[in-house]
1. What is the sum of charges, Lys and Arg at +1 and Asp and Glu at -1, for the other residues whose Cβ falls under 15 Å from the Cβ of E169?
2. Within the chain, what whole-number % of the accessible surface is contributed by carbon and sulfur, with the 1.4 Å probe and all protein chains included in the calculation?
3. Taking only Cα atoms, what is the 0 to 90° angle, nearest 10, from helix 172-187's long axis to the longest principal axis of the chain?
4. Quick check: convex hull over the Cα atoms of region 70-145, volume per residue in Å³, rounded to an integer?
5. Taking only Cα atoms, what is the 0 to 90° angle, nearest 10, from helix 212-223's long axis to the longest principal axis of the chain?
6. If you average over every viewing direction, what projected area does the convex hull of the Cα atoms of region 183-232 give, in nm²?
7. Choose one of W37, A143, L212: the residue whose Cα lies farthest towards the positive end of the charge dipole of the chain (beta-carbon charges +1 Lys, Arg; -1 Asp, Glu; about the Cα centre).
8. Could you tally the net charge around V145, taking each other residue with its Cβ under 14 Å from the Cβ of V145, Lys/Arg +1 and Asp/Glu -1?
Amino acid sequence: MRFFFRRREREEPADPRTPWPRQEAATDPEAAAAAFWRQWFELLPQVNAALGDREPQRVEHELCRAVALVHPDLHFSLERGQRAVYALVVSGQEDPGLRPYTDAWKAAAPAEDAIWEYHDSVPPVPDPTEVTVNLGAHRIPLAEVRVVAQVDPAESVVDVAVHHPLLGELEQAARQAMTFLPLDATLGERLAAERLRRVETAEAEPTGTISLLELRDLVRKLAGGEPVGDPD
């Protein structure tokens with residue numbers, strides 16, 4: 001379960017009337033990745049200390065600058081690892097134009113150890129039904145999310161409608177976030193991008209819904225080439 005998340009953000013300029021200049025992307029993804037990893041190893045003692053103190057904000061600025069060395073449009077998160085204590089995730093949010101940069105970043109990554117693992121897209125959580133999302137005054141257990149899944153076997157994709165009893169009480173931006181977040185948590189960013197075609201929000205619970213874990217099983221079978229049909 002993710003316990004802190006930071007997207008790459010720019011500092012506010014000293015003069016608010018002056019727009020922050022866009023950083024140019026590196027032309028050589030491999031060189032950019034190498035620059036990141038040099039910076040990462042310099043920052044690692046500070047990062048480990050900040051996480052040990054549960055104060056990740058202490059290193060947020062430095063990590064933002066390091067990730068921007070790879071490409072200014074990348075996002076990153078620090079998470080609890082599945083095989084190690086922590087995980088560093090650098091994601092292009094499945095933008096094809098950013099894939100060369102995340103590929104180069106992952107190829108240059110050090111071997112995983114007991115402390116760190118590395119991902120070039122947001123991985124699924126082990127069990128999304130154990131996750132509760134806090135949005136303002138709302139606590140939203142993902143165990144209560146229900147999904148309608150319609151399989152297109154010819155295209156090997158799935159159309160989904162996502163329902164939670166509290167969706168109708170959320171503002172538009174939060175409602176949209178809570179439509180996609182359970183899917184990414186269940187499938188991981190890459191599998192969701194590859195296999196989900198249309199995604200809709202269902203404020204009223206439709207008939208024929210399945211759980212997130214049932215959706216994971218269906219989509220993984222589809223991705224593995226197993227025959228699947230619409231769930232009963």
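1. The answer is -2.
2. Carbon and sulfur atoms account for 49 percent of the accessible area of the chain.
3. On a 0 to 90 degree scale, this one is about 90.
4. For region 70-145, the hull spanned by Cα atoms encloses 116 Å³ per residue.
5. 80
6. Average of the hull's projected areas for region 183-232 equals 3.8 nm².
7. W37
8. Its environment carries a net charge of -4.
The values are calculated or read from the model by the stated rules, or taken from the named source; none is laboratory data. No experiment lies behind these values; they were computed from the predicted model shown. Every residue, glycine among them, receives a Cβ derived from its backbone with ideal geometry; neighbour counts consider all protein chains shown. These accessible areas exclude ligands, DNA and RNA; they are computed on the full protein's heavy atoms, side chains included. Shrake-Rupley method; radii C 1.70, N 1.55, O 1.52, S 1.80 Å.
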